[in-house]
Amino acid sequence: MSEYQAHVLWKRHEGEAFTDARYSRAHTWGFDGGVVVPASSAVSSVPLPYSKPENVDPEEAFVAALSSCHMLTFLYLAAKARFVVDAYDDRATGILEKNPEGRLAITRVRLDPKITFSGAPAPTAADLARLHHAAHEQCYLASSVRTEITVAGSWQHHSST
């Protein structure tokens, strides 16, 4: 068993009544090692000026966490299969919509990694499909959510000549 913690901190700004719902949603996420991330509600959930669009919102963080978990698992599996990955660039997208119970949820996440390989052996399309499937099956976060996760993506191989 492992345990993970985050420190989420929000404080009401002086002069905000709070009970009128006209208060800042800006807050911070603190992580071990000292990293602090500015966070906020999404502007699509809470309009300006109460949200800070330049801060990370929980919906973006959820999509990023799923993408990151898939990538880290994929890289581990690719290394075990002796494929050399030079770059992994994912533009993941999450869809917020009503789920079958009628509640808003991120029901789908589409991962779209562009992966660059070099050296030998070069992976085949079947190798990539197998690696992505195994990465999905072994990703802790994918195993923790009901969200449908799909992988599109592309890859290229640079021979080391």
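Any read-out appearing in this document is the output of simple, stated calculations on the displayed coordinates, not a laboratory observation. Model, not experiment: these values are computed from the prediction. FYI the Cβ positions are ideal-geometry reconstructions off the backbone, even for glycines, and counts take in every protein chain you see.
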Review point. Quick one: Karplus J couplings for the range 8-24, per residue in order, coefficients 6.51, -1.76, 1.60, θ = phi - 60°, nearest Hz, x for Gly and Pro?
Key: 9, 10, 9, 9, 5, 6, 4, x, 7, 6, 6, 5, 8, 6, 9, 9, 5
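How much net charge surrounds THR150 when only the other residues with a Cβ under 9 Å from the Cβ of THR150 are counted, with Lys and Arg +1 and Asp and Glu -1?
Neighbour charge sum, excluding THR150 itself: +1.
Listed highest first by mean packing, meaning other Cβ atoms within 10 Å per residue, what order do 116-129, 96-109, 71-84 come in? Each step should come with its number before you reach the end.
On the way: 116-129: 14.1, 96-109: 12.3, 71-84: 16.6.
So the peptides 116-129, 96-109, 71-84, ranked by packing, come out 71-84, 116-129, 96-109.
When the dipole is taken about the Cα centre of the range 58-158, and only Lys, Arg (+1) and Asp, Glu (-1) are charged at their Cβ, what size is it in debye, to the nearest 20?
180
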Review point. Once a ≥ b ≥ c are taken as the square roots of the eigenvalues of the Cα gyration tensor of the range 24-71, is the result rounded (a/c under 1.5), prolate (a/b larger than b/c) or oblate (a/b not larger than b/c)?
Key: oblate
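Run through the range 1-62 and list the trypsin sites (Lys or Arg not before Pro) located in a DSSP loop whose Cβ has at most 11 other Cβ atoms within 10 Å.
Numbers: sites: LYS11, ARG12, ARG22, ARG25; in loops: LYS11, ARG12, ARG22, ARG25.
Filter output for the range 1-62: LYS11, ARG12, ARG22.
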Exercise for review: May I ask you to list the GluC sites (Glu not before Pro) in the range 7-77 that are in a DSSP loop and have at most 15 other Cβ atoms within 10 Å of their Cβ?
Suggested key: GLU14, GLU16, GLU54
Exercise for review: In whole Hz, with x marking every Gly and Pro, tabulate ³J(HN,Hα) for the range 50-66 from phi via Karplus 6.51 cos²θ - 1.76 cosθ + 1.60, θ = phi - 60°.
Suggested key: 7, 10, 10, x, 7, 8, 6, 9, x, 5, 4, 5, 4, 5, 5, 5, 5
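Based on the Kirkwood radius over alpha-carbon pairs, what value in µm²/s does the Stokes-Einstein equation return for the translational diffusion coefficient of the range 23-161 at 20 °C and 1.002 mPa s?
Values: Rh = 16.8 Å.
Calculated translational D: 127 µm²/s.
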Exercise for review: May I ask you to derive the FRET efficiency for ALA129 and THR107 from their Cβ-Cβ distance with R0 = 25 Å, giving the value to the nearest 0.05?
Suggested key: 0.60
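What is the magnitude of the charge dipole of the range 1-56 about its Cα centre, with +1 placed on the Cβ of each Lys and Arg, -1 on the Cβ of each Asp and Glu, and no other charges, expressed in debye to the nearest 20?
160
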Check your understanding: FRET efficiency for LEU75 and GLU97, Cβ-Cβ distance as r, R0 = 25 Å, nearest 0.05?
Key -> 0.25
